[in-house]
Amino acid sequence: MTDHAGVPMTLAALRALARAKLRAVGLAEDHAEAVAETMVAGERDGCASHGIYRLLVAAASVRAGVVVPDAVPVVSRPGKALVRVDGGGGFAQLAFARGLPVLVAAAREHGIAALALNHVVHFAALWPEVEALAREGLVALACTPSHAWVAPAGGTQPVFGTNPIAFGWPRPAGDPFVFDFATSAVARGEIELHRRAGLPVPEEWGYDAEGAPTTDAKAVLDGAMRTFGGHKGSALAAMVELLAGPLIGDLTSRESLALDDGRGGSPVGGELIVAIDPAGFLGEATTAHLARAEAMFAAIEAQGARLPSARRYAARAHSLAEGVVVPAALHAEIMAIGAA
Ligand code: NDP
Ligand code: PYC
């Protein structure tokens, strides 16, 4: 049933639609499955900028020839505690799925291990990576550069990507503690959604192409985004560039944008994921670190503040029970994907 606000869908129906559309633009079955899962999970968790809207983004990247649609990820071990997956130019989701069990085993064996995803196309959020690891009892950190869209603090011309950082911590009873955010003032996807809706953006989000502050979403997309927290976000954005670019032999955001050469595809490059087994420092038997973390979480919540991921898990519970509502205009655009 369609109403003026949107199209109600079960998660199963949304997953089937996403897979069918990704197959229709030419993605191989295993990629379509992995990519659809990420998009449906974002929509389920109430993350509009990285939910099913990303079907339009992924389809555009495939059409632009930025993605290798049937890439076969290759897993290797450059060191005892190091895992590499060469994604072969495909979307990052399948590469991560191939590397995940190897990373988990390496972290359990060595106490800490790192996974480099190389030569992948990234349109997605990073929380799925750290949540999956935290559900294995591991502490996790992930980051990736993107395209040069963000000006350094003190400048107005793009150098950095929107460069997200995600962190996951296991909890003894229930869902892991997870946060995941861009080092820009906001994800670029959020500005794209404002542009699509014809809405202004806060002046703190970016500059126009002349370097002047603006509330025009398109002007920011054509100009430069700002980092969050001034010089602090700027330094973190630089760290992400270095860790998930040159350190793992992959592209910086400037290099990714240059490679795109105006095609308008999603960023190409690497992602670094670090997994730590608490037993490596503390010994197998103890769970004291978990209890002490719980005490800190309780102190946060006791004063009415919420934990990052509290909103996510509430949205997830609601979507699992009730399904989701896809905005009508977005649904129509999705239905047009792959249609003659
Ligand atoms: P937000 O600024 O919305 O921040 C999201 C994070 O902050 C979530 O962990 C969220 O938890 C938490 N949070 C938000 N509000 C509060 C609050 N009041 N109290 C406590 N915690 C809070 O996200 P961004 O716009 O920066 O990024 C959105 C997504 O975009 C991310 O998932 C990121 O990975 C993705 N992205 C991907 C890029 C890529 O290159 N692949 C580039 C840039 C962004 P909760 O979920 O519970 O609300
Ligand atoms: O929203 O900034 C963003 C983004 C970049 C790549 C994927 N999402």
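The values are calculated or read from the model by the stated rules, or taken from the named source; none is laboratory data. Model, not experiment: these values are computed from the prediction. Here the Cβ positions follow ideal geometry from the backbone for every residue, glycine too, while neighbour counts run over all protein chains shown.
Okay, here's what the table says:
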read-out: From the options Glu284, Glu294, residue that is in a helix (DSSP H, G or I), among the acidic types (Asp, Glu) and either over 21 Å from the mean Cα position of the chain (by Cα) or not assigned by TED's automatic domain parsing to the domain that holds Gly137 (or both); value: Glu294
read-out: Qualifying residue in the range 24-40 (condition: in contact (Cβ under 8 Å) with a residue 12 or more places away in the chain and within 12 Å of ligand 1 (Cβ to nearest atom)); value: yes
read-out: Qualifying residue in the range 262-281 (condition: part of a helix (DSSP H, G or I), over 28 Å from Leu138 (Cβ atoms) and either within 16 Å of ligand 1 (Cβ to nearest atom) or not assigned by TED's automatic domain parsing to the domain that holds Val150 (or both)); value: no
read-out: Meets criteria (part of a strand (DSSP E or B) and more than 30 Å from Ala291 (Cα to Cα)) for Arg77; value: yes
read-out: Selection within the range 321-340 - closer than 18 Å to Arg44 by Cα and either surrounded by 12 or more Cβ atoms within 10 Å (Cβ to Cβ) or in contact with a Phe, Trp or Tyr (Cβ under 8 Å, 6 or more places away or on another chain) (or both); value: Gly323, Val324, Val325, Val326, Pro327, Ala328, Leu330, His331, Ile334
read-out: Any chance Ala114 is within 30 Å of Thr287 (Cα to Cα), away from ligand 1 (no atom under 14 Å from the Cβ), at pLDDT 95 or above and of a type in the set (A, V, I, L, M); value: yes
read-out: Cβ-Cβ under 8 Å pairs, at least 6 apart or on other chains, the range 318-337 side under 12 Å from Met9 (Cβ atoms), far side of a type in the set (D, E, K, R) and assigned to a helix (DSSP H, G or I); value: Ser319/Glu43; Ser319/Arg44; Val324/Glu43; Val324/Arg44; Val326/Glu43; Ile334/Lys21
read-out: Number of positions in the range 303-340 that are assigned to a loop (DSSP other than H, G, I, E, B) and over 24 Å from the mean Cα position of the chain (by Cα); value: 6
read-out: Flag if Val85 is assigned to a helix (DSSP H, G or I), free of Cβ contacts under 8 Å to residues at least 40 places away in the same chain and either among the aromatic types (Phe, Trp, Tyr) or buried (at least 18 other Cβ atoms within 10 Å of the Cβ) (or both); value: no
read-out: Residue among Glu255, Glu204, Glu241, Glu190 that alone is free of Cβ contacts under 8 Å to residues at least 40 places away in the same chain, within 30 Å of Val85 (Cα to Cα) and not hydrophobic (A, V, I, L, M, F, W, C); value: Glu255
read-out: Looking only at the range 150-165, and only at residues there that are surrounded by fewer than 24 Cβ atoms within 10 Å (Cβ to Cβ) and within 16 Å of ligand 2 (Cβ to nearest atom), the one that is nearest to Thr227 (Cα to Cα); value: Ala151
read-out: The lone exception for Ile52 - which of (1) free of Cβ contacts under 8 Å to residues at least 60 places away in the same chain; (2) over 16 Å from Leu126 (Cβ atoms) it fails; value: (1)
read-out: Entirely in the range 139-246, the helices (runs of 4 or more DSSP H) that have 3 or more residues that are assigned by TED's automatic domain parsing to the domain that holds Leu115 and touching a Phe, Trp or Tyr at 6+ places or on another chain (Cβ under 9 Å); value: 231-243
read-out: Ala317, sole failed condition from (1) touching a strand residue (DSSP E or B) at 6+ places or on another chain (Cβ under 9 Å); (2) under 30 Å from Leu103 (Cβ atoms); value: (1)
read-out: Residue satisfying condition, being surrounded by 15 or more Cβ atoms within 10 Å (Cβ to Cβ) and under 19 Å from the mean Cα position of the chain (by Cα), within set Leu259, Leu243; value: Leu243
